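Engineer: The structure is given below, and queries will be raised subsequently.
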Amino acid sequence: MSISITDYSLHIKNGTKIDREYLKSRESHNVGTKVFQRDTLEVSQLSQNREAILDRMRHTIADSVTSFSSRVAGTLKDVREEKGQYGYSDVVNACGLNYARLYSEIEERYENGNEQYYKADGTPLTKEEEIEWLDIQFEQEAAWQKSCARIAAQRQVFLGLIPEMPAKELEELEDGFYQAKDAYMKLHRENRQVERPLVLQNYMFGNSRM
């Protein structure tokens, strides 16, 4: 049979009486302290794990995929604020500029070795794989912008603002994206030698009517 010391009063040498209620309260306090310490440790560990997970998410290809389109939109927002509006020439230039900027960031990251990006399954990305994904992002953005231009042209035809679909101009627009990509990559290589930052140019590609 087990006997708890908290069932009885105790006396120490100087005659002070320690009753069972006091011992129970101390026992409860000690248990509460241990629970608090355990919970605090768990919260700390969860916080550290969360930060590690968020950092990994910020460095996964899923996050990287959205960055190109977001940067193009940011550049066009700046153009609109400066000019009041933007045209397809600005869109083409924005795509070329941001491709070259992201390409430059990938190069610098692997040269400095200060950041690592990951695939969705958690395995590290190589430089070649990141550039391949950047190419895919560029192609998707170019296709999206061409689709937007086609819809806008269809609306103009419907409203009678233009007589027919500008098929030739739409094809030239698509070619313009890749010409802009090449032009800004050439500028990137030239600027890198003299440590000059890449900025938006006013290159003209394809038919200026678009």
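The values are calculated or read from the model by the stated rules, or taken from the named source; none is laboratory data. What you see is a predicted model, and the numbers here were worked out from it, not measured in a lab. Every residue, glycine among them, receives a Cβ derived from its backbone with ideal geometry; neighbour counts consider all protein chains shown. For accessibility, only protein heavy atoms count, side chains too; no ligands or nucleic acids. Shrake-Rupley method; radii C 1.70, N 1.55, O 1.52, S 1.80 Å.
Engineer: Please work out how much accessible surface residue 123 shows to a 1.4 Å probe, ignoring ligands, DNA and RNA, in Å² rounded to 10.
Structural biologist: 60 Å²
Engineer: Using 7 Å Cα-to-Cβ label points, what is the residue 85/residue 196 separation (nm, one decimal)?
Structural biologist: A separation of 3.2 nm, rounded to one decimal place.
Engineer: Report ³J(HN,Hα) in whole Hz for each residue of the range 153-161, in order, from the Karplus equation J = 6.51 cos²θ - 1.76 cosθ + 1.60 where θ = phi - 60°; Gly and Pro get x.
Structural biologist: 5, 4, 5, 5, 5, 4, 7, x, 7
Engineer: Name the residues whose placed amide hydrogens come within less than 5 Å of the amide hydrogen of residue 118, ignoring near sequence neighbours (fewer than 5 apart) on the same chain.
Structural biologist: 60, 61, 125
Engineer: Share of the range 88-137's accessible area from carbon and sulfur, percent, 1.4 Å?
Structural biologist: 45 percent
Engineer: With all protein chains present, calculate the accessible area of residue 80 using a 1.4 Å probe and round the result to the nearest 10 Å².
Structural biologist: 110 Å²
Engineer: What length, rounded to one decimal in nm, is gained on full extension from residue 132 through to residue 204, with 0.36 nm per residue of separation minus their alpha-carbon distance?
Structural biologist: Taking residue 132 through residue 204 to full extension adds about 23.3 nm, to one decimal.
Engineer: Right, something else. With all protein chains present, calculate the accessible area of residue 136 using a 1.4 Å probe and round the result to the nearest 10 Å².
Structural biologist: Near enough 60 Å² of accessible area.
Engineer: While we're on this one: So how do 178-184, 193-199 stack up, highest first, on mean other-Cβ count within 10 Å?
Structural biologist: My ranking of the peptides, most packed first, is 178-184, 193-199.
Engineer: Another question, then. Nearest 0.05, what FRET efficiency do residue 120 and residue 150 give at R0 = 41 Å with Cβ-Cβ as r?
Structural biologist: Efficiency at R0 = 41 Å is approximately 0.80.
Engineer: I've got another one for you. Using a 1.4 angstrom probe on the protein heavy atoms only, could you order 148, 95 from most to least accessible area?
Structural biologist: Highest to lowest solvent-accessible surface, that is 148, 95.
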